[in-house]
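Only one structure is covered here, and it is reproduced in the block below.
The values are calculated or read from the model by the stated rules, or taken from the named source; none is laboratory data. What you see is a predicted model, and the numbers here were worked out from it, not measured in a lab. So basically every Cβ, Gly included, is an ideal-geometry build from the backbone, and we count neighbours across all protein chains shown. When the accessible area is computed, the model is the full protein with side chains, heavy atoms only, and any ligands, DNA or RNA have been set aside. Shrake-Rupley method; radii C 1.70, N 1.55, O 1.52, S 1.80 Å.
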Amino acid sequence: MIALSLAEIAAVVGGQTHDIPDPSVQVTGPVVRDSREAVPGSLFVAFVGERVDGHDFAAAVVAAGAVAVLASRPVGVPAIVVEDVQAALGALARHVVDRLGATLVALTGSAGKTSTKDLIAQVLGAKAPTVFTPGSLNNEIGLPLTALSATEETRFLVLEMGARGIGHIRYLTGLTPPKVGLVLNVGSAHIGEFGGREQIAQAKGEMVESLPAAEDGGAAILNADDPLVRAMASRTKAKVVLFGESDEADVRAENVRLTDSGQPAFRLHTPSGASDVTMRLYGEHHVSNALAAAAVAHELGMSATEIATALSEAGSLSRWRMEVTERPDGVTVVNDAYNANPESMRAALRALVAMGKGRRTWAVLGEMAELGDEALAEHDAVGRLAVRLNVSKLVAVGGREASWLQLGAYNEGSWGEESVHVSDAQAAIDLLRSELRPGDVVLVKASRSVGLEAVATALLETAAEGEVAGR
Ligand SMILES: Nc1ncnc2c1ncn2[C@@H]1O[C@H](COP(=O)(O)OP(=O)(O)OP(=O)(O)O)[C@@H](O)[C@H]1O
Ligand SMILES: [Mg+2]
């Protein structure tokens with residue numbers, strides 16, 4: 001964090017200082033909520049969780065060098081005591097970003113936030129020092145903690161914002177007001193909690209409502225191919241920049257294709273020039289993510305060539321998103337077990353088929369959670385798509401939803417053992433261990449709650465054991 005004295009922090013958050021002999025002492029290190037991350041100069045934020053009370057670690061973090069604790073009660077070591085720790089953390093983040101010289105970029109959407117945030121961070125990072133959300137820490141606590149990790153050197157601060165209801169994005173943009181705001185898509189993620197797509201659009205659109213006017217530099221980056229996102233143009237005073245395949249888009253891709261290894265390649269068009277991109281990431285869905293990142297970077301002064309170079313170099317920064325591993329025996333494992341929704345299932349199946357040209361392809365799929373009333377139709381559709389794309393083998397893993405997947409495949413014309421339904425990850429592991437042959441490509445994908453990463457892990461362990469045994 002930028003250096004601030006305890007007195008200053010107390011004033012910003014409206015807190016009382018306790019057990020602080022010298023309020024002019026400065027916090028110079030990171031602001032942390034995990035006591036194990038406390039280092040000299042830190043400020044430790046004590047939350048009361050369901051199982052753990054952060055206040056219990058106050059003495060330990062101070063022993064580790066933390067300057068003070070942001071707490072909701074005195075703890076016997078230096079503390080700034082407030083009524084509401086979360087609100088105090090938010091106020092501190094707002095104070096700090098207002099003082100920083102950094103340009104704030106925020107993004108939201110139903111699918112691809114983390115992937116796109118990682119792309120934006122790598123593209124902008126090629127130009128100037130950039131701080132960005134680690135992983136998916138996109139909520140009311142992760143967001144301010146990320147913002148507080150920026151320093152005087154930071155030029156770009158890239159923030160992922162998540163929402164599970166109306167008002168959530170508005171709250172987050174209030175903590176860290178973006179100058180450039182991006183909305184990726186309105187899909188079906190968390191549709192059960194929201195109540196419907198219109199409500200999701202209403203909630204995500206709070207992003208563009210928060211932006212400064214065009215004359216003050218505000219820019220709304222919107223997906224031209226998603227009607228509900230495109231329509232958000234009427235909800236903002238900021239300049240509107242469109243990305244996508246549509247002719248209307250300011251930032252477009254031409255000649256989009258997947259290489260034989262499943263990596264997208266295309267010609268990037270921006271209002272100021274064009275340049276060729278071949279990505280290191282897997283799957284067609286990254287084209288849209290890359291265009292979104294390109295639109296942000298172009299708006300912030302990067303040329304098409306600079307953007308294309310950075311997009312072509314960008315790697316995967318967050319785990320289990322189309323993580324491709326080659327086993328020594330020639331089996332390729334694609335671990336996309338982090339998350340699943342209908343859009344990403346379709347993209348992943350297409351990538352599997354592109355990578356698996358001339359090889360046997362396996363789709364090991366589980367439930368897509370939180371689809372509400374659409375669950376049956378969406379699982380059925382994914383099962384059918386697997387057959388239409390000619391995936392060699394579908395293994396549907398889990399309960400009712402998995403049976404819908406398998407039934408969709410069956411009804412689309414898969415027969416015999418082309419599609420099977422197994423009850424859990426262990427059953428899938430057993431099946432794959434006995435059936436996989438060198439050269440096969442296996443995609444593993446489901447919602448996080450299904451825990452299918454165990455399948456990918458087991459497949460990779462099998463290979464490692466084989467390697468040791470063969471030595
Ligand atoms: N543009 C896209 N459209 C559809 N699916 C996508 C897109 N980009 C990434 N995905 C897929 O969606 C899943 C989630 O990706 P990612 O973690 O980037 O999304 P997210 O929006 O950050 O998710 P979360 O809400 O969990 O934070 C992954 O399986 C990924 O492969
Ligand atoms: Mg995320």
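Kindly work out what percent of the DSSP beta bridges joining two residues of the chain are antiparallel, to the nearest 5. Rounded to the nearest five, the antiparallel share is 30 percent. For the range 193-298, dividing the convex hull volume of the Cα atoms by the residue count gives 112 Å³ per residue. Taking a straight Cα-Cα cut-off under 17 Å and skipping sequence neighbours fewer than 8 places away in the same chain, the lysines within cross-link reach of LYS117 are LYS127, LYS179, LYS204.
With respect to the chain, whose longest principal axis is taken over its alpha-carbon atoms, helix 85-99 is tilted by about 80°.
Helix-derived [θ] at 222 nm for the chain: sum -39500 (n - 2.57) over DSSP H runs of at least 4, divide by residue count, nearest 500?
Only helices count here, giving -11000 deg cm²/dmol.
Which value, in Å to one decimal place, does the Kirkwood hydrodynamic radius take for the range 4-84 when every pair of different Cα atoms is included?
One over the average 1/r among Cα pairs gives 12.1 Å for the range 4-84.
Extending 7 Å from Cα along the Cβ direction at ILE166 and again at THR28 yields two label points whose distance is 4.9 nm. In this structure the amide hydrogen of VAL31, modeled in the peptide plane, comes within under 5 Å of the amide hydrogens of LEU43, none closer than 5 places in sequence on its chain. For the range 379-387, 3J(HN,Hα) computed residue by residue from phi via the Karplus equation (6.51, -1.76, 1.60; θ = phi - 60°) reads 5, 4, 5, 5, x, 5, 4, 4, 6 Hz, glycine and proline entered as x. Among ALA59, VAL85, VAL251, flag the residue with its Cα farthest along the positive direction of the charge dipole of the chain, charges on Cβ as +1 for Lys/Arg and -1 for Asp/Glu. Farthest towards the positive pole: VAL251. For the chain, the dipole from Cβ point charges (+1 on Lys and Arg, -1 on Asp and Glu) about the Cα centre works out to 540 debye, to the nearest 20. Per the Cα gyration tensor, the range 323-469 maps to an equivalent ellipsoid with semi-axes of 23, 16, 13 Å, ordered largest to smallest.
Classified by the C-alpha gyration tensor, the range 100-313 has a rounded form. Its axis ratio a/c, with a ≥ b ≥ c, is below 1.5.
Using just the Cα positions, wrap the range 73-209 in a convex hull and report its mean projected area in square nanometres, one decimal place. Projected area, direction-averaged: 9.1 nm². Label-to-label distance, GLU374 versus ARG388, with points set 7 angstrom from Cα along the beta-carbon direction: 1.6 nm. For the range 410-455, the per residue solvent-accessible surface stands at 50 Å², with DNA, RNA and ligands left out and a 1.4 Å probe. Taking the average, over residues, of other Cβ atoms within 10 Å as the packing measure, peptides 2-12, 388-398, 270-280 rank 388-398, 2-12, 270-280 from highest down. Note that the range 245-302 presents 41 Å² accessible area per residue, ligands and nucleic acids not counted, probe 1.4 Å.
Compared with the dominant principal axis of the Cα atoms in the chain, helix 304-313 is inclined by about 70°. Only protein heavy atoms count here; on that basis, with a 1.4 Å probe, HIS168 has an accessible area of about 80 Å².
Extension gain, GLU152-LYS237: 0.36 nm per intervening residue step, less the Cα-Cα distance, totals 27.7 nm. Stretched out straight at 0.36 nm per residue, the stretch from ALA265 to ASP98 would grow longer than its current Cα-Cα span by 56.2 nm.
First measure r as the distance between the Cβ atoms of ASP216 and LEU137, then evaluate 1/(1 + (r/R0)^6) with R0 = 22 Å and state the FRET efficiency to the nearest 0.05. Let's see the in-between values first.
Details: r = 28 Å, r/R0 = 1.29.
The pair ASP216/LEU137 has a calculated efficiency of 0.20.
The HN-Hα couplings worked out from phi for the range 409-417 by the Karplus form 6.51 cos²θ - 1.76 cosθ + 1.60 (θ = phi - 60°) are 5, 4, 5, 7, x, 7, 9, x, 9 Hz, whole numbers, x standing for Gly and Pro. Across the chain, Cα pairs under 8 Å and at least six residues apart give a relative contact order of 10 percent. Taking every pair of distinct Cα atoms and averaging 1/r, then inverting, what Kirkwood hydrodynamic radius in Å comes out for the chain? So the Kirkwood estimate lands at 23.7 Å.
Taking 0.36 nm per residue of sequence separation and subtracting the Cα-Cα distance, how much length would be gained by fully extending the chain between ARG319 and GLU412, in nm to one decimal?
30.2 nm
Rolling a 1.4 angstrom probe over the range 4-84 with all protein chains present gives an accessible area of which 50% lies on carbon and sulfur atoms. Whole-Hz Karplus values for the range 228-236 come out as 5, 7, 3, 5, 5, 3, 7, 9, 9 Hz, taken residue by residue from phi with 6.51 cos²θ - 1.76 cosθ + 1.60 and θ = phi - 60°; glycine and proline positions read x.
The range 57-95 and the range 15-56 have their alpha-carbon centroids 4 Å apart. Each of THR457, THR28, THR154 has its accessible area taken with a 1.4 Å probe; listed largest first, they run THR28, THR457, THR154. Extending 7 Å from Cα along the Cβ direction at ARG36 and again at ALA63 yields two label points whose distance is 1.7 nm.
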